[in-house]
Number of protein chains: 2
Amino acid sequence: MTNFAIAIHGGAGTITAASLTSQQEKVYRAALQEAVEAGHQVLADGGSSLEAVEVAVVLLEDSPLFNAGRGSVFTKEGKHEMDAAIMCGKTLEAGAVAGVKNIRNPVKLSRAVMDHSDHVMLSGYGAEEFARNHGIAFENEAYFFDAFRYRQWSEVRDSNMFMLDHSEKKDEKFGTVGAVALDKSGNLAASTSTGGMTNKNYNRIGDTPIIGAGTYANNATCAVSCTGHGEFYMRAVVAYDVSCLMEYKGYSLKQACEEVVQRKLVNMGGEGGLIAVSSNGDVSLPFNTEGMYRAFKRNKEKTFVGIYKE
Amino acid sequence: MTNFAIAIHGGAGTITAASLTSQQEKVYRAALQEAVEAGHQVLADGGSSLEAVEVAVVLLEDSPLFNAGRGSVFTKEGKHEMDAAIMCGKTLEAGAVAGVKNIRNPVKLSRAVMDHSDHVMLSGYGAEEFARNHGIAFENEAYFFDAFRYRQWSEVRDSNMFMLDHSEKKDEKFGTVGAVALDKSGNLAASTSTGGMTNKNYNRIGDTPIIGAGTYANNATCAVSCTGHGEFYMRAVVAYDVSCLMEYKGYSLKQACEEVVQRKLVNMGGEGGLIAVSSNGDVSLPFNTEGMYRAFKRNKEKTFVGIYKE
């Protein structure tokens, strides 16, 4: 039997049982379950891993719970600037967008860049112009407005502080969503999407849209989507490092993920996690923070949904 | 004796003896020699590899001969949008800017991002705001005007064609400059800077400012700066791949460079080259195109300057 699998994440950070009410926890679990099962259904029906990760990420972007798409945090200017990427493990083709505003689903725009441009990465108003030329849906500011995010931003807007997500000031949560999948044809895909850091300025670009850092897929090894303190993920080229450890050192997916997340990133001070699926259907969801919103479903097995450390 | 070395490039492509007059060749050789020797002098005087690569790249940016800084090509809008990155092999710290306008020396801005921000990568007007806040020099449009570049752009401005550098239409030259260095303390550094593709649009970002793709340095292995068809370099995570082949497979610098440039990139259709220096002072300057503007100088050895295949 051919394995097929999908894993998703909705961000990592200081997420503890004490920080969520049981009602909040229920809402998060339901959203993760819905997204992973929608992506899994695509795979079960014989669809491609690219379709599956896109379907799952769209649902996470459409949820106000996660820092991506609709739930994106506020920048220093009170706007929403989003990044996203997608990569095909079969062809090594990729598409990415950085710093786009008013795009309903940045993941769909990254897919359009991959499918319909000669480029891998577009940014800012140029990426928005490309979106208009390719029928990508836009939304007005009201769509992205969320009272919780606004309050969170209001607390730091006049400071030079930035927050990595909807956390208490001393906490750190890394708001990103992502999905990785292996389809029945043995093809891998990865996608990541984010609204970045609360109160970010200077058009900062994090690891999410960087192929090799926040997002990577290669049928020879694995598909990876990261969530964490992006600057460390960029400097450590995290997603491609997991792939290289498998390809060049013969590590298993689990070994490679442990080496990168629990040793290399920890030594650098880089907090976060990642989700990964290998070409043989192994799934790994490591994180070095207190929690990570995550889920996976493989073949006809039961859906796993997790938030805290097990 | 401790080895120290610097290598630079000024772009790769269909550069043949037939395509340059002997006067043009002389001018290019002199510019390359001046830049590599200025960087080398920093190292000889006990300066850091970071200083050395910055000094060399500034000279290449200031020359109208190369597609970076002053010599940047025109975008579809008739503007100049530049990208640059710098990385320190000792600390793995990095700074990068994408899509910046009117910055005299993008490499200096990338250095300021590394030294004075919490971020790795800034873009567009946000990066320019950061530049103003950190005393980075701006220039008006006239500074970047070059009759040759303008003519080149005029030929394609009303088309959807883009050109990868100041080449005839069917040729391909990849306009980028870069430097890699090893200093007497054993520290590596890499930097890359570019004006992108003639007539580019949609705020395309190439490999130059992507840590791991166009630029990477790690004292454990090597420093790498790339020049080529950026999309392929991003998908192949070229600079970090060279490093991983050394670290994880025990390849020599030369073996790693050959594997990536002459096999992997060639198989994908990715044209270009790179310059690299290892922690023990080996230098490699591979390219799979007809030529690459390049130079290196190690210890007190004679300066090497090359344009065509040897």
Kindly provide the set of residues from the range B:186-243 that are among the hydroxyl-bearing types (Ser, Thr, Tyr) and either part of a helix (DSSP H, G or I) or farther than 16 Å from A:Val237 by Cα (or both), ordered by number.
B:Ser191, B:Thr192, B:Ser193, B:Thr194, B:Thr198, B:Tyr202, B:Thr227, B:Tyr233, B:Tyr240, B:Ser243
Is it the case that the range B:68-81 has a residue that's out of contact with any Ser or Thr (no Cβ under 6 Å at 6 or more places or on another chain), free of Cβ contacts under 8 Å to residues at least 40 places away in the same chain and of a type in the set (Val, Ile, Thr)?
no
From B:Ala189, B:Ala220, residue being surrounded by fewer than 21 Cβ atoms within 10 Å (Cβ to Cβ), hydrophobic (A, V, I, L, M, F, W, C) and modelled with pLDDT of 95 or more
B:Ala220
All positions within the range A:69-103 that are at positive phi and small (Gly, Ala, Ser):
A:Gly69, A:Gly78, A:Gly99
Given the criterion among the β-branched types (Val, Ile, Thr) and surrounded by fewer than 17 Cβ atoms within 10 Å (Cβ to Cβ), identify the matching residue among B:Val261, B:Val277, B:Val283, B:Val266.
B:Val266
By residue number, the members of the range B:229-255 that are touching an Asp or Glu at 6+ places or on another chain (Cβ under 8 Å), farther than 23 Å from B:Glu93 by Cα, at pLDDT 95 or above and of a type outside the set (Phe, Trp, Tyr) are B:Glu231, B:Ser252, B:Lys254
Hey, any hits in the range A:2-16 for a residue that's over 29 Å from A:Glu271 (Cβ atoms) and either surrounded by fewer than 22 Cβ atoms within 10 Å (Cβ to Cβ) or in contact with a Cys (Cβ under 9 Å, 6 or more places away or on another chain) (or both)?
yes
Of A:Ala56, A:Ala68, which residue is within 16 Å of the chain's Cα centre (by Cα), modelled with pLDDT under 95 and surrounded by 22 or more Cβ atoms within 10 Å (Cβ to Cβ)?
A:Ala68
Restricting the range B:73-89 to residues that are assigned to a loop (DSSP other than H, G, I, E, B) and out of contact with any Phe, Trp or Tyr (no Cβ under 6 Å at 6 or more places or on another chain), the one nearest to B:Tyr125 (Cα to Cα) turns out to be B:Glu81
Kindly indicate whether A:Thr221 is within 20 Å of A:Ile86 (Cα to Cα) and more than 10 Å from every other protein chain (Cβ to nearest Cβ).
yes
Here is a check on your reading of the model: is B:Ala256 closer than 25 Å to B:Gln41 by Cα and either more than 11 Å from every other protein chain (Cβ to nearest Cβ) or crowded, with 23+ Cβ neighbours inside 10 Å (or both)?
no
Exception for A:Phe232 within (1) farther than 25 Å from B:Gln255 by Cβ; (2) within 14 Å of chain B (Cβ to nearest Cβ); (3) buried (at least 24 other Cβ atoms within 10 Å of the Cβ); (4) in contact with a Gly (Cβ under 6 Å, 6 or more places away or on another chain) falls at (3)
The conditions are (1) within 23 Å of A:Ala190 (Cα to Cα); (2) facing another protein chain (nearest Cβ under 10 Å), and B:Gly214 fails exactly one of them. Which is it?
(2)
Looking for something closer than 30 Å to B:Lys76 by Cα and in a loop (DSSP other than H, G, I, E, B) - is there at least one such residue anywhere in the range B:244-262?
no
Which one of these does A:Asp282 not meet: (1) under 27 Å from B:Gly89 (Cβ atoms); (2) touching a residue at least 12 places away in the same chain (Cβ under 8 Å)?
(1)
Of all residues in the range B:78-113, count the ones that are within 10 Å of another protein chain (Cβ to nearest Cβ), surrounded by fewer than 20 Cβ atoms within 10 Å (Cβ to Cβ) and either under 19 Å from B:Thr176 (Cβ atoms) or hydroxyl-bearing (Ser, Thr, Tyr) (or both).
1
Listed residues B:Glu51, B:Glu34; which is part of a helix (DSSP H, G or I), in contact with a helix residue (DSSP H, G or I) (Cβ under 8 Å, 6 or more places away or on another chain) and over 28 Å from A:Phe232 (Cα atoms)?
B:Glu34
So which residues in the range A:194-207 are more than 11 Å from every other protein chain (Cβ to nearest Cβ) and closer than 19 Å to B:Pro209 by Cβ, if there are any at all?
A:Thr194
I'd like to know if the range B:184-191 contains one or more residues that are touching a residue at least 24 places away in the same chain (Cβ under 8 Å), under 20 Å from B:Ser123 (Cα atoms), away from chain A (no Cβ under 12 Å) and of a type in the set (S, T, N, Q).
yes
How many residues, within the range B:282-302, are of a type outside the set (S, T, N, Q) and outside any strand (DSSP E or B)?
7
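Considering only residues that are more than 10 Å from chain A (Cβ to nearest Cβ) and part of a helix (DSSP H, G or I), which ones fall in the range B:115-150?
Across the range B:115-150, the qualifying residues are B:Asp115, B:His116, B:Arg132, B:Glu141, B:Ala142, B:Tyr143, B:Phe144, B:Ala147, B:Phe148, B:Arg149, B:Tyr150.
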Does the range A:21-43 hold any residues that are more than 21 Å from A:Ile86 (Cβ to Cβ) and either surrounded by 17 or more Cβ atoms within 10 Å (Cβ to Cβ) or not aliphatic (A, V, I, L, M) (or both), and which are they?
A:Thr21, A:Ser22, A:Gln23, A:Gln24, A:Glu25, A:Lys26, A:Tyr28, A:Arg29, A:Gln33
Looking at (1) hydrophobic (A, V, I, L, M, F, W, C); (2) more than 23 Å from B:Cys244 (Cβ to Cβ); (3) surrounded by fewer than 24 Cβ atoms within 10 Å (Cβ to Cβ), can you tell me which one A:Ala181 breaks?
(3)
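The values are calculated or read from the model by the stated rules, or taken from the named source; none is laboratory data. Fair warning: this is a prediction, and the values are worked out from it, not measured in the lab. Virtual Cβ from ideal backbone geometry, glycine too; neighbours counted across all protein chains shown.
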